[in-house]
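Novice: Below: one structure in structure tokens.
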Amino acid sequence: MRVVAGKHRGRRLHSPAGATTRPTADRVREAVFSILGPLDGLNVLDLYAGSGALGIEALSRGAAAATFVEHDRAALATIEANLTTIGERASVLRRDVVSYLEAVAVQDSAQFDVVFADPPYSSAGLIGEHLSRLLPGVLASEARIVTESDKRNPLLLDLPLESERIYGGTRIVIHNAH
């Protein structure tokens, strides 16, 4: 796995050992960022961050800041190692995504421009309602939400749909904040 484009293009990224983390394929990341367009100066939130590849790609492409939320310790260590590899700083939090969103939405201070949500495929169908309810509380007015899930067990959000694409067995959907 590597950074596809931007100032860190070509840098190799690690993924956590084992089968619990499923990194987004390079070609899928390239397609997602092609759809998103320029990210200069944006504030990015990477939920269920895994290796951190999506948030790191955003930083490489000009995002001003990234917050990574992940519960798995091995994945967190991988995110930290990948950030060190590319020489970037970011907020890396060991939290459950739902409790993190509940806490941040109450603060009314974090306004993210781009949110990536790539939950474990096995739980994607179960968390859509929670994310649909909580994400609006952390979004900037023109924010976009990118979800990745298995096309057979999709993550469904009750937010305005911008784009939906299928890459093999992977379903990528982009929603708007409002």
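Novice: If only one of R89, R94 is surrounded by fewer than 21 Cβ atoms within 10 Å (Cβ to Cβ), farther than 23 Å from L135 by Cα and more than 14 Å from the chain's Cα centre (by Cα), which one is it?
Specialist: Matching residue, one of R89, R94: R89.
Novice: Of the conditions (1) surrounded by 18 or more Cβ atoms within 10 Å (Cβ to Cβ); (2) out of contact with any Ser or Thr (no Cβ under 7 Å at 6 or more places or on another chain); (3) under 20 Å from Y121 (Cα atoms), A58 satisfies every one except a single condition; which number is it?
Specialist: (3)
Novice: Something else about it: Can you pull out every residue in region 57-75 that is at pLDDT below 95 and aliphatic (A, V, I, L, M)?
Specialist: A74, A75
Residue-by-condition table, conditions (1) within 16 Å of D46 (Cα to Cα); (2) surrounded by fewer than 23 Cβ atoms within 10 Å (Cβ to Cβ):
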position	(1), (2)
D113	yes, yes
A117	yes, no
S122	no, yes
G125	no, yes
E129	no, yes
L134	yes, yes
A143	yes, yes
E148	yes, no
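Novice: Report, by residue number, each residue of region 1-38 that is part of a helix (DSSP H, G or I) and modelled with pLDDT under 80. First the steps, then the outcome.
Specialist: Just the residues of region 1-38 that are part of a helix (DSSP H, G or I), to begin with: 26-36.
Correct list: D26, R27.
Novice: Still on this structure: Can you tell me which residue in region 114-130 is nearest to R61 (Cα to Cα), limited to those that are touching a residue at least 40 places away in the same chain (Cβ under 8 Å) and in contact with a strand residue (DSSP E or B) (Cβ under 6 Å, 6 or more places away or on another chain)? Please lay out each step first, then the result.
Specialist: First, pick out the residues of region 114-130 that are touching a residue at least 40 places away in the same chain (Cβ under 8 Å): 114-121.
Among the residues that remain, those that are also in contact with a strand residue (DSSP E or B) (Cβ under 6 Å, 6 or more places away or on another chain) are: 114-118, 121.
Details: V114: 13, V115: 15, F116: 15, A117: 18, D118: 19, Y121: 27 Å.
Filtering first and then ranking leaves V114.
Novice: Something else about it: If D46 satisfies all but one of (1) of a type in the set (D, E); (2) surrounded by 19 or more Cβ atoms within 10 Å (Cβ to Cβ); (3) without any contact (Cβ under 8 Å) to a residue 24 or more places away in the chain, what's the number of the condition it fails?
Specialist: Here D46 clears every test but (3).
Novice: Hey, another quick one. Give all pairs with beta carbons closer than 7 Å in which a residue from region 57-74 that is in contact (Cβ under 8 Å) with a residue 24 or more places away in the chain meets a residue that is surrounded by fewer than 21 Cβ atoms within 10 Å (Cβ to Cβ) and among the basic types (K, R); count only pairs at least 6 apart in sequence or on separate chains.
Specialist: Listed pairs, sorted by first residue: S60/K7; S60/R9; V69/R95; E70/R94; H71/R94; H71/R95.
Novice: Restricting the search to region 93-114, which residues are in contact with a His (Cβ under 9 Å, 6 or more places away or on another chain) and β-branched (V, I, T)?
Specialist: Within region 93-114, V97, V98 meet the criteria.
Novice: Before we move on, is A117 modelled with pLDDT of 90 or more, within 17 Å of N176 (Cα to Cα) and within 14 Å of the chain's Cα centre (by Cα)? Quick ask: steps written out before the conclusion?
Specialist: Values: modelled with pLDDT of 90 or more: yes; within 17 Å of N176 (Cα to Cα): yes; within 14 Å of the chain's Cα centre (by Cα): yes.
So A117 fits the description; yes.
Novice: Mind checking which residues of region 107-147 are in contact with an Asp or Glu (Cβ under 9 Å, 6 or more places away or on another chain), of a type in the set (S, T, N, Q) and under 25 Å from L39 (Cα atoms)?
Specialist: S132, T147
Novice: Among the numbered conditions (1) more than 19 Å from L155 (Cα to Cα); (2) in contact with a helix residue (DSSP H, G or I) (Cβ under 9 Å, 6 or more places away or on another chain), tell me where V69 comes up short.
Specialist: (1)
Novice: Please note which helices (runs of 4 or more DSSP H) are completely contained in region 53-111 and include at least 1 residues that are under 17 Å from R9 (Cβ atoms).
Specialist: Working: elements: 53-60, 73-86, 97-107.
Result: 53-60, 73-86.
Novice: Here is a further query. Could you list all residues from region 67-88 that are within 20 Å of A140 (Cα to Cα) and in contact with a Lys or Arg (Cβ under 9 Å, 6 or more places away or on another chain)?
Specialist: Looking only at region 67-88, we keep the residues that are within 20 Å of A140 (Cα to Cα), and these are 67-69.
Listed by number, the list holds a single entry, V69.
The values are calculated or read from the model by the stated rules, or taken from the named source; none is laboratory data. Fair warning: this is a prediction, and the values are worked out from it, not measured in the lab. Methodologically, a virtual Cβ is constructed for each residue, glycine included, from the backbone with ideal geometry; neighbour enumeration extends over all protein chains shown.
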